[in-house]
Amino acid sequence: MVSNNKNDMNTSFHKKKNRFIPTGPMAVVVEVALLLVEALFVFLLIKIDLIPVKYLIPVIVVLVLIFIGAMLLLGCGKKTIKRMWGFILSLVMMCILLLGSSYLFNTYAAFLSISDIGKSYDIYNVAVLDSSEYQEAEDIDGKTVYTIKSDKKTYKEAKGNLKGKATVKYKALNDAREVGEKLVEENGTTHDEIILVSREDYQLYCEEIEGYKKQTRVLYQIKIESEDNDSGEIDVTKDSFNVYISGIDVWGDINKRVSRSDVNMIATINPKTRQVLLTSIPRDAYVKLHSFGQLDKLTHSGIYGIDETTQTVEDWLGINVDYYVRANFGMIVKLVKAVDGIDVYSKYDFKSAISKYEYHKGWNHLNGKAALYFARERKSFEDSDQERIKNQQKVVKAILKKMTSSKVILTRYTDILDAVKKNMQTDLSNQEMAALVKMQLNDMDTEWTINMNSIRGEMDKKGTYSMGYGRPLDVCIMDKKSMEKGVKLINSVMYPEGNQAIEIKDDKTTKGLKKKD
């Protein structure tokens, strides 16, 4: 009797155990599912083209071997332990590959979200007084419209678009401020006129002229597709190129914000020699705007769009700006957090004038917000904006050093992608961004040499195009020798005679901390 009970117990145990072993049809379903998940993962790997061939081929080989092994195990007998292990292996691999596919898809989506290729357009406003009798574009037929004198192609197209609604006479003025004051003057006087200006100009009037937003309204808005500046001729893994870094002084979704370019920096990159040169330009540099041919502060060029800034710098320095990166405050904070903080060296002990953060002489380990306010501070220094420029360079250099580290790029790249989404725009295509990441992964042991330089000038009071020539503002009259040195150093990285990294001696002209009253 005892023996029979034992046999019954063993039979019952095997029956329960066999419940967890897949049947033949279920095994086929699992095999097909694993094949589809592996195919999806490999497709995304190839589509994004992020992984170097020396890693991609072994990955594909391993996936093929795992599939063959799982298929052999699932094909063993009717209901055996081997089939159960094949089932477990298949499920584990599907979970891992689905997670990996999710990361790859998010990478692709992030590249698309920050790439501005094919999404560039200009918006123009036909504006009137809020109390005006004009209600539709057709109502201004036969009237005079004040606009800004400009050779910009999209300005001409905007006029043509309005012609389809109403036939008007245009009166072009040289001074953008004068156009804005055709509706509301700074002293509050109003005029029942009509203006056609870019959305950015209209926004500037609303910010700078008291009561402008309440006393005016947009009668008609025109959207014009702007030219795509993608050259398509640069191999970012082989050819040298310049990237214009524009830091705008706002928070929030960068796709919805237009603002002054608070940080202006040219990153010259030579992928062959692994050199990067960061050349800073004072935000108050007094330059001639590309589209308007008028003198203004460089920071104001950002109001008219990033293309206006890059083209203005190209005219001024006589160099090619191949790409741009436009970033806001949020990106700096999140990016520094994503790379687990940065280390920067300060020559002085100082406290931020606009935040709680304090910095000591020597090395400082900074979190996101501390890094941002370190880069923004100028009131603590006698050399004001020049010292701020140096600190901005230190922050950018520290971030680049971290991001080109093999450890960081492998372990924190998803955090980095999350940091740049909605906080950054660039006209690098998603393929070019993937190529740069792939290049770094392919040769992770090679370090980049990062040097810094700044173009200097002397402060003065001058009128500006955007704010009116009758209203003097603080501007920086650029030093010709400093400009020539800056261009020479840029060209030395773009077109080096040898492979030696350039050496730039530290600028000794800093005047130190601002004296306290």
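The set of residues in segment 316-335 being within 16 Å of Asn242 (Cα to Cα), in a helix (DSSP H, G or I) and open to solvent by less than 20 Å² (accessible area, probe 1.4 Å) consists of Leu317 alone.
Looking for something within 20 Å of Ser280 (Cβ to Cβ) and open to solvent by 20 Å² or more (accessible area, probe 1.4 Å) - is there at least one such residue anywhere in segment 367-376? There is at least one residue in segment 367-376 that is within 20 Å of Ser280 (Cβ to Cβ) and open to solvent by 20 Å² or more (accessible area, probe 1.4 Å). Out of the residues in segment 144-176 meeting the condition of being touching an Asp or Glu at 6+ places or on another chain (Cβ under 9 Å) and of a type in the set (Gly, Ala, Ser), tell me which one is farthest from Gln221 (Cα to Cα). In this case the residue turns out to be Ala176.
Identify, from the list Leu183, Leu129, the residue that is more than 28 Å from Gly293 (Cβ to Cβ) and of a type outside the set (Lys, Arg). Break it down stepwise before answering.
Numbers: Leu183 fails: more than 28 Å from Gly293 (Cβ to Cβ).
Matching residue, one of Leu183, Leu129: Leu129.
Of all residues in segment 120-170, those being assigned to a strand (DSSP E or B), charged (D, E, K, R) and within 23 Å of Lys213 (Cα to Cα) number 1.
Residues considered: Met26, Met93, Met84. Of these, the only one that is surrounded by 13 or more Cβ atoms within 10 Å (Cβ to Cβ), at pLDDT 85 or above and out of contact with any Asp or Glu (no Cβ under 6 Å at 6 or more places or on another chain) is Met93.
What are the residues in segment 43-81 that are among the charged types (D, E, K, R) and exposed (fewer than 14 other Cβ atoms within 10 Å of the Cβ), if any?
Going residue by residue through segment 43-81, those that are among the charged types (D, E, K, R) are 47, 49, 54, 78-79.
Residues satisfying the conditions are Lys47, Lys54, Lys78.
For Val339, state whether it is touching a helix residue (DSSP H, G or I) at 6+ places or on another chain (Cβ under 8 Å) and farther than 23 Å from Ile455 by Cα.
Numbers: touching a helix residue (DSSP H, G or I) at 6+ places or on another chain (Cβ under 8 Å): yes; farther than 23 Å from Ile455 by Cα: yes.
So Val339 fits the description; yes.
Considering Leu40, Leu98, the condition of being in contact with a Ser or Thr (Cβ under 6 Å, 6 or more places away or on another chain), at pLDDT 75 or above and under 30 Å from Asp418 (Cα atoms) is satisfied by Leu40 alone.
Restricting segment 273-315 to residues that are free of Cβ contacts under 8 Å to residues at least 60 places away in the same chain and open to solvent by 40 Å² or more (accessible area, probe 1.4 Å), which is nearest to Gln425 (Cα to Cα)? Talk me through it step by step, then tell me what you get.
Looking only at segment 273-315, we keep the residues that are free of Cβ contacts under 8 Å to residues at least 60 places away in the same chain, and these are 288, 290, 298-299, 301-302, 308, 311-312, 314-315.
Subset that is open to solvent by 40 Å² or more (accessible area, probe 1.4 Å): 288, 290, 311, 314-315.
Numbers: Lys288: 25, His290: 21, Gln311: 17, Glu314: 20, Asp315: 23 Å.
Per the criteria, the residue is Gln311.
Scanning segment 336-358 for residues that are outside any loop (DSSP other than H, G, I, E, B), open to solvent by 10 Å² or more (accessible area, probe 1.4 Å) and out of contact with any Leu (no Cβ under 8 Å at 6 or more places or on another chain) yields Lys337, Tyr345, Lys351, Glu358. Only a single item in (1) of a type in the set (A, V, I, L, M, F, W, C); (2) surrounded by fewer than 21 Cβ atoms within 10 Å (Cβ to Cβ); (3) in contact with an Asp or Glu (Cβ under 9 Å, 6 or more places away or on another chain) is not met by Cys206, and it is number (3). Which residue is nearest to the chain's Cα centre (by Cα), if the candidates are limited to segment 152-189 and must be basic (Lys, Arg) and open to solvent by 50 Å² or more (accessible area, probe 1.4 Å)? The extreme case among them is Lys153. Scanning segment 372-389 for residues that are under 21 Å from Val333 (Cβ atoms) and not in a loop (DSSP other than H, G, I, E, B) gives Leu372, Tyr373, Phe374, Ala375, Arg376, Arg388, Ile389. Quick check, is Lys379 within 23 Å of Glu458 (Cβ to Cβ), open to solvent by 70 Å² or more (accessible area, probe 1.4 Å) and charged (D, E, K, R)? The answer is yes for Lys379.
Residue pairs whose Cβ atoms lie under 9 Å apart, sitting 6 or more positions apart in sequence or on different chains, and linking a residue in segment 80-94 that is part of a helix (DSSP H, G or I) to a partner that is charged (D, E, K, R), are Ile81/Lys17; Met84/Lys17; Gly86/Glu31; Ser90/Glu31; Met93/Glu38; Met94/Glu38.
Taking segment 454-490 on its own, how many of its residues are within 28 Å of Tyr205 (Cα to Cα), in contact with a Cys (Cβ under 9 Å, 6 or more places away or on another chain) and small (Gly, Ala, Ser)? So the answer is 0. Residue-level check: of (1) within 20 Å of Val263 (Cα to Cα); (2) modelled with pLDDT of 90 or more; (3) over 22 Å from the mean Cα position of the chain (by Cα); (4) open to solvent by less than 20 Å² (accessible area, probe 1.4 Å), Asn364 misses just (1).
The values are calculated or read from the model by the stated rules, or taken from the named source; none is laboratory data. Being a predicted model, the structure only gives us computed values, none of them experimental. Because the Cβ atoms are built from the backbone with ideal geometry, glycine has one as well, and the counts that use them run over all protein chains shown. These accessible areas exclude ligands, DNA and RNA; they are computed on the full protein's heavy atoms, side chains included. Shrake-Rupley method; radii C 1.70, N 1.55, O 1.52, S 1.80 Å.
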